[in-house]
1. Mind checking the angle between helix 166-178 and the chain's longest principal axis? C-alpha axes, 0 to 90 degrees, to the nearest 10.
2. Once amide H atoms are built 1.01 Å from N in the peptide plane, which residues 5 or more positions from VAL148, or in another chain, come under 5 Å H to H?
3. Quick one: net charge of LYS80's neighbours, Cβ under 14 Å, K/R +1, D/E -1?
4. Cα-Cα pairs above 29 Å in the chain: how many percent?
5. Give the distance, in whole Å, between the Cα centre of the range 144-175 and the Cα centre of the range 185-213.
6. Hey, in the GNM for the chain with a 10 angstrom Cα cutoff, which one of PRO165, PRO30, PRO203 fluctuates hardest?
7. With respect to the cross-link table entries LYS76/LYS225; LYS72/LYS100; LYS100/LYS157; LYS8/LYS171, which display a Cα-Cα separation exceeding 30 Å?
8. Using per-residue counts of other Cβ atoms within 10 Å, averaged over each peptide, order 231-240, 113-122 from highest down.
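Any read-out appearing in this document is the output of simple, stated calculations on the displayed coordinates, not a laboratory observation. Predicted model, so just to flag it, every value in this text is computed and none were measured. Backbone-built Cβ (ideal geometry, glycine too); neighbour counts: all protein chains shown.
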Amino acid sequence: MNPEYTHKTPKSLLNKGTGFLAGYSHSLNPYTGCTFACSYCYVRQMPVSTFRGKAWGSWVDIKSDAADVFRKELQKAKSKGPVTIFMSSSTDPYQPIEYKENVTRSLLEVMVADPPDFLFVQTRSPLVRRDIDLLARLGSNVRVSITVETDREEIRKHFSPYAPPIAARLKTLEILTDAGIPTQATIAPMLPSSDSFAHTLRPLVNRVCVDDYFMGDGSGGKRTKSLGIIQKYKELGLEEWYHPDAYRIVIERLQQIFAEDELFVSQQGFEP
């Protein structure tokens, strides 16, 4: 896949936190589009994707001069009250183009100089390790949430072949935790996993969030259903994992190893 990259200078970067992210004052997306192109991504069904007329994952808009725009917006937002930021809601802030463009890093530099009340970083990319120096300076006002939908690499390849390998994400959790960065393993959307998944996560984090299509795609699972994701489960003979109650399988396994106050379900796991 050879994505099409376009530089665009945004008029604004901060969006009001609404819906699933109503607990945040703002969401922040360093890019529009995402080359990880996960098959189940709910953004595929949102206007940003459907109006584009091109396959999700085949294009990315790079937000030029993002730091300058964001710096002014952040100052203005802070003058009105507490600022809590979710980065990112409709793209991965550490997708491959970030290696070259450093948009996300530039935004973090702004936040280190003028810290928000809280920053939640959602990614599935090991590249987040690069910015440990900046994340550490945000202290307890940041949490890095690493998506680990499953511990089975063959499942990951089936659903999100362009996303980073599971082992690299687990290693990233270990490195972040060792560096003192507040972290979370986010099993979302929950994919079929082994009964040893909880044991794998236990040494790495003290906070785990589980979410699925039915709770977490913003439409009660309708967006995901329209993507035809059930077919992938049928191909694998794992239809029982595509069900509103299937998340309980993973929660019950986690409960055997993690304390109650270390486990979160859906929206509560993403709150500031």
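1. Computed tilt is about 60 degrees.
2. THR186, ILE187, ALA188
3. Net charge in that neighbourhood comes out at +2.
4. 28
5. Measuring centre to centre over Cα atoms gives 10 Å.
6. PRO203
7. LYS76/LYS225; LYS8/LYS171
8. Answer by packing, highest mean first, reads 113-122, 231-240.
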